[in-house]
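The values are calculated or read from the model by the stated rules, or taken from the named source; none is laboratory data. This structure is a prediction, so every number in the text was calculated from the model and none was measured. Every residue, glycine among them, receives a Cβ derived from its backbone with ideal geometry; neighbour counts consider all protein chains shown. Areas reflect the complete protein model, heavy atoms only, side chains present, ligands, DNA and RNA absent. Shrake-Rupley method; radii C 1.70, N 1.55, O 1.52, S 1.80 Å.
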Amino acid sequence: MRLRPLILFLSLVPASLALPASAQQETPGAAPAAPAEAETAAPTGTVAPDADAVRRSRFSERPSDEAYGAFQRGYYITALNLATPLALQGDPAAQTLIGEIYSRGLGVRRDLPTAIEWYEKAAEQKVPEALFQLAMILYDGGAEFGDRARAAQLIEAAAEAGHSLAQFNFAQMLVERDTTPQGTARAVAWYEKAARAGLADAQYAMAEVARQGAAGRPVDLAEARRWLSLAAAQNHDTAQIDLGTMLVEGEGGPRDEKAGFAWLMRAAAAGNAAAQNRVAKLYRAGIGVEPDRVTAAAWYLRARRAGLVDPVMEDQLDGLTEEEMDEAGKRAATLG
């Protein structure tokens, strides 16, 4: 069986890697707590991910506590000033930090030639983040900077060096370019490395592998469910939907309608239209929650505003009174 690409190459921008826009950032609201009933154990033969593993992977070593600290707090000019003398002395982490500042235009005008220059210096010293970021620029750099052949080489080098995003993207490349069983098996091995490092997209990929029985592996719905638990706990909304559905339907383990509803609600509250529609159906049927056709209609109205149309739920709306529709509309405005 061929493993389909899960995410287009270079489309991955994990929230866990987002950097502060300024030193005076507002504190974001806390994410909804994971449902207590859901599994959180690591899949058989895997290591439970460190919550900060992906963040730490951006730099193999800190350029200096002062420069890195300023960077993390959003004081980019200060970070640049502190990192520059170290970078000129050949410090590869400082060189990578400067590349990051110029590539993203953090506190300075975006300057890809300068970013490439510093990334190249760090890449020569095999810094995984520099290899990966340089590959990102070269892969989609257009006529001026593009070099996809070298980008692929750099991605592989970063993956070999243990960079989880590179491992995931390299797996994506392999799925695209080598559809043989051997190519699929090689891709799955890289997905698994990234999944073990804690990357939610890779954990979701491994759930797909377990559900499909790809790369010569047997179908294992329990394994899929456990991988989904890890990804869902990191707010991977598709994993939350799939995990919730498996719990409601009793796939891969005991049926747990309340826990399934909770995971679907978590994705719905975050704005996922598919999850909102499924939550509407659960309210309609009273699965995992007390039946409430007005709240069901409210969630469906939210999904429909996002462009999702479900004939079953359209019929549900037709069966409501005018007063119930008015109330559903009011509730829809406050959901999420």
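Determine which member of the set Glu251, Glu223 is closer than 23 Å to Val279 by Cβ and either within 17 Å of the chain's Cα centre (by Cα) or of a type outside the set (A, V, I, L, M, F, W, C) (or both).
Values: Glu223 fails: closer than 23 Å to Val279 by Cβ.
The conditions single out Glu251.
Residues that are free of Cβ contacts under 8 Å to residues at least 12 places away in the same chain and either touching a Gly at 6+ places or on another chain (Cβ under 9 Å) or surrounded by 18 or more Cβ atoms within 10 Å (Cβ to Cβ) (or both) within segment 263-293 comprise just one, Asp292.
Gly260 falls short of the stated requirement of being surrounded by 14 or more Cβ atoms within 10 Å (Cβ to Cβ), touching a residue at least 24 places away in the same chain (Cβ under 8 Å), in contact with a Leu (Cβ under 6 Å, 6 or more places away or on another chain) and on the phi > 0 side of the Ramachandran plot. Scanning segment 178-224 for residues that are among the small types (Gly, Ala, Ser) and surrounded by 21 or more Cβ atoms within 10 Å (Cβ to Cβ) returns Ala187, Ala194, Ala195, Ala197, Gly198, Ala200, Ala202, Ala205, Ala207, Ala210, Ala214, Ala224. Scanning for something without any contact (Cβ under 8 Å) to a residue 12 or more places away in the chain, within 25 Å of Met246 (Cα to Cα) and part of a helix (DSSP H, G or I), does segment 294-301 turn up at least one residue? No: zero hits.
Could you run through segment 227-242 and say how many residues are in a loop (DSSP other than H, G, I, E, B) and touching a residue at least 60 places away in the same chain (Cβ under 8 Å)?
Going residue by residue through segment 227-242, those that are in a loop (DSSP other than H, G, I, E, B) are 233-236.
In the following step, the residues that additionally are touching a residue at least 60 places away in the same chain (Cβ under 8 Å) were identified as 233-235.
Residues in segment 227-242 being in a loop (DSSP other than H, G, I, E, B) and touching a residue at least 60 places away in the same chain (Cβ under 8 Å): 3 in total.
For Val309, the requirement of being open to solvent by 70 Å² or more (accessible area, probe 1.4 Å) and at pLDDT 95 or above is met. Answer yes or no: is there a residue in segment 265-280 that is assigned to a helix (DSSP H, G or I), of a type in the set (D, E, K, R) and more than 18 Å from Met206 (Cβ to Cβ). Checked against the condition, which is being assigned to a helix (DSSP H, G or I), of a type in the set (D, E, K, R) and more than 18 Å from Met206 (Cβ to Cβ), segment 265-280 yields at least one hit.
Given the options Ala159, Ala149, name the one that is of a type outside the set (Phe, Trp, Tyr) and at pLDDT below 95. Explain how you work it out, then say what you get.
On the way: Ala159 fails: at pLDDT below 95.
Answer to the selection: Ala149.
Those residues that are open to solvent by less than 50 Å² (accessible area, probe 1.4 Å), over 28 Å from Asp256 (Cα atoms) and among the hydrophobic types (A, V, I, L, M, F, W, C), I need them from segment 318-336; list them, please. Once the filter is applied, which keeps residues that are open to solvent by less than 50 Å² (accessible area, probe 1.4 Å), over 28 Å from Asp256 (Cα atoms) and among the hydrophobic types (A, V, I, L, M, F, W, C), segment 318-336 yields only Leu320. Selection over segment 294-306 of residues that are crowded, with 18+ Cβ neighbours inside 10 Å and within 23 Å of the chain's Cα centre (by Cα) gives a count of 1. Of the residues examined, Leu165 is not one that is part of a helix (DSSP H, G or I), free of Cβ contacts under 8 Å to residues at least 24 places away in the same chain and open to solvent by less than 40 Å² (accessible area, probe 1.4 Å). For segment 129-144, the set of residues classified as touching a helix residue (DSSP H, G or I) at 6+ places or on another chain (Cβ under 6 Å) and either exposed (fewer than 15 other Cβ atoms within 10 Å of the Cβ) or without any contact (Cβ under 8 Å) to a residue 24 or more places away in the chain (or both) consists of Leu138 only.
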